[in-house]
Amino acid sequence: MSPLEAGGVVLNIAGVWLTARRNMLCWPVGIVGVVVYAYLFWRWRLYGDMVLQMLYVVVQLYGWYTWRRATKDQPAAVVPVRAKGLRVLAEVGATGALSALLAWLMARYTDDAMPRIDALLTGFSLLASWWAARLHRENWILWVIVDTAYTVLFVYRGDDLTAFLYGTFTLLALYGAAAWRSAVLGAPGAEAPRSPR
């Protein structure tokens, strides 16, 4: 365990916890955390995850913008929405197909240690991040699945601190799902509107 990995763990846990609490600081804290992990994944030869961390920066900048725009009139009113059912299915299907293509490319052209698993988790992590940026509360369900798989992956690789991080992410995703559901039920109109996006 390096001090850099420990710092990345703390920053990423803080970023996810702040997201679950719908606190705007989740975005800058998260950006610093993913930059740290981009470097770590490069060092560990998990290139899909390294690229994912770089894409997280872009998605987090988008999320920061989206949340700021959604709360322009009421800064404390970040309220999650439900995604449209058919759109969710289309996005999951497209993510699966693109992940399969990425897995093939990584297996053929890189020395990625686990290209298929890496590509699949990369694709669905990016989708979950996209949903979080768009305030879709379904992001937490997908995060529970992805983070559980990552926990197993890092236990297998012997990266105990990162396995702990993803195990903690799984628990935070369960907390986030409950917190965002409570926010929806406490919002005017009781049930969240479906996302127009």
At a Förster distance of 22 Å, what's the computed FRET efficiency of residue 148 paired with residue 61, Cβ-Cβ distance as r, to 0.05?
0.20
Note down the magnitude of the dipole of region 118-166 about its Cα centre, charges +1 on Lys and Arg C-beta and -1 on Asp and Glu C-beta and zero elsewhere, to the nearest 20 debye.
200
Counted neighbours (other Cβ, 10 Å), sorted fewest up, put 106, 1, 24 in the order 1, 24, 106
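Once you have the Cα-Cα distance between residue 97 and residue 141, take 0.36 nm times their residue separation minus that, and quote the gain in nm to one decimal.
Numbers: separation 44, 0.36 × 44 = 15.84 nm, distance 2.01 nm.
Extending this stretch completely gives an extra 13.8 nm.
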Within region 123-158, the residues whose backbone N lies under 17 Å from a label point placed 7 Å from the Cα of residue 24 along the Cα-to-Cβ direction are 133-135
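Could you work out [θ]222 nm for the chain from helices alone, using -39500 (n - 2.57) per DSSP H run of at least four and dividing by all its residues? Round to the nearest 500 deg cm²/dmol.
That comes out to -26500 deg cm²/dmol.
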Which residues qualify? For residue 136, with a placed amide H closer than 5 Å and at least 5 residues away or on another chain, they are 81
Any helix of the chain counts here only if DSSP assigns it H throughout, its Cα atoms span 30 Å or more along the axis, and its mean Kyte-Doolittle hydropathy is at least 0.0, and such helices are 47-70, 85-109, 160-186
Going by how many other beta carbons lie within 10 Å of each one, how would you line up 84, 72, fewest first?
72, 84
Of the candidate values [x] 35, 17, 13; [y] 52, 19, 10; [z] 28, 19, 14, the one computed for semi-axes √(5λ) of the Cα gyration tensor in Å from this structure is [z]
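Values quoted throughout were computed directly from the atomic coordinates according to the rules given, and no laboratory measurement underlies them. All values derive from a computational prediction rather than experimental measurement. Ideal geometry is used to build each Cβ from the backbone, glycine not excepted, and the neighbour counts take in all protein chains shown.
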